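Working notes, beginning with the structure itself.
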Amino acid sequence: MARTVLVDVSGVARTFGRGPEAVVAVHDVTCTIRAGDRIALVGPSGSGKTTLLHLLAGLDQPTTGSIEWPGIGGPNDLRPGAVAVVFQAPSLVPPLDVTENVALPLLLSRADRAVARARALDALAALGLAELATRLPEELSGGQAQRVAVARAVAADPKLLLADEPTGQLDHHAGAAVVDALLAAADRTGAALVVNTHDPAVADRLGLRWSMTDGGLRAPELIER
Ligand code: ADP
Ligand code: MG
């Protein structure tokens, strides 16, 4: 049976600014993300990876073309639960402890406090982070903070998990642990995963390679292992 199409991108371009100053960040992009996909979005700096990731997340709108989320819903159904994004800096909320940080999106989805807390603790335990539950963000290493950000992203069971250079500020070892967390989180929730990365060691752990050059996207390639 064909896997559910989660995102359908058709003839999309995104231009910033207008007139002679305009920058075409993404152009002529047509692609599909299906349930279970594990995609590495690779390409040099400035090639349009972040712009495309924001479009896939519904955080930005195309200048031309269309994006639909047939397996998820309309643009208003994407947040705070169904599409989750992990950014390069983990951006935890400083005065909240780890459990409260992970519960935050659930509370924004109007979950009951006790339910939000229980689901946050489940997400932390599933990623091997239970012992960090009562720490404050300032007490975490960069790698720990980023794994907590992954737990926060998946606590609400997203259908699509997007990560923008999630290992960009980490050493190899801490970065590998964050990739472990992303893969474990995607397996646990059944979410499709897209990881935007410069690092070939990160890309090699995923299943499909999407390469961008100057705003254009090449046909996907299977990643050999
Ligand atoms: P990548 O993530 O691959 O480094 P980006 O998507 O960030 O690439 O950027 C692609 C191009 O679009 C770059 O030339 C960048 O300078 C430009 N760009 C990205 N965001 C903006 C913005 N908000 N305003 C103007 N130009 C932008
Ligand atoms: Mg980028």
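Every residue, every condition in (1) within 13 Å of ligand 1 (Cβ to nearest atom); (2) without any contact (Cβ under 8 Å) to a residue 60 or more places away in the chain; (3) in contact with a Phe, Trp or Tyr (Cβ under 6 Å, 6 or more places away or on another chain), yes or no:
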{"site": "Gly11", "(1), (2), (3)": "no, yes, no"}
{"site": "Arg18", "(1), (2), (3)": "yes, yes, no"}
{"site": "His27", "(1), (2), (3)": "yes, no, no"}
{"site": "Ile33", "(1), (2), (3)": "no, no, no"}
{"site": "Ser45", "(1), (2), (3)": "yes, no, no"}
{"site": "Gly48", "(1), (2), (3)": "yes, no, no"}
{"site": "Leu53", "(1), (2), (3)": "yes, no, no"}
Revision key, fill the gap. Scanning the stretch 2-32 for residues that are touching a Gly at 6+ places or on another chain (Cβ under 8 Å) and outside any strand (DSSP E or B) gives Arg3, Thr4
Check your understanding: Does Ala118 satisfy the criteria of being part of a helix (DSSP H, G or I) and either open to solvent by less than 10 Å² (accessible area, probe 1.4 Å) or among the aromatic types (Phe, Trp, Tyr) (or both)?
Key -> no
Check your understanding: Is the stretch 185-192 home to any residue that is of a type outside the set (S, T, N, Q), part of a loop (DSSP other than H, G, I, E, B) and open to solvent by 70 Å² or more (accessible area, probe 1.4 Å)?
Key -> no
Review point. Is it the case that the stretch 136-144 has a residue that's open to solvent by less than 20 Å² (accessible area, probe 1.4 Å) and within 16 Å of Cys31 (Cα to Cα)?
Key: no
Point to revise | Subset of the stretch 155-184 [part of a loop (DSSP other than H, G, I, E, B) and within 16 Å of ligand 1 (Cβ to nearest atom)] | key: Glu165, Pro166, Thr167, Gly168, Gln169
Review point. Across the stretch 73-88, what is the number of residues that are in a helix (DSSP H, G or I), surrounded by fewer than 18 Cβ atoms within 10 Å (Cβ to Cβ) and touching a Gly at 6+ places or on another chain (Cβ under 7 Å)?
Key: 1
Study note, to complete from the structure: Within the stretch 58-72, the residues that are surrounded by 13 or more Cβ atoms within 10 Å (Cβ to Cβ) and either at negative phi or not in a loop (DSSP other than H, G, I, E, B) (or both) are Leu59, Asp60, Pro62, Thr63, Gly65, Ile67, Glu68, Trp69, Gly71, Ile72
**Study point:** Unique match (being in contact with an Asp or Glu (Cβ under 7 Å, 6 or more places away or on another chain) and within 16 Å of ligand 2 (Cβ to nearest atom)) among Leu41, Leu59, Leu53
**Key:** Leu53
Revision key, fill the gap. The residue from Arg117, Arg14 that alone is modelled with pLDDT of 95 or more and within 16 Å of ligand 2 (Cβ to nearest atom) is Arg14
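The values are calculated or read from the model by the stated rules, or taken from the named source; none is laboratory data. Computed from a predicted structure; not experimentally measured. Positions of Cβ are generated from backbone atoms using ideal geometry, with glycine treated the same way; all protein chains shown enter the neighbour counts. Side chains are part of the model used for accessible areas, which takes the heavy atoms of the whole protein and leaves out ligands, DNA and RNA. Shrake-Rupley method; radii C 1.70, N 1.55, O 1.52, S 1.80 Å.
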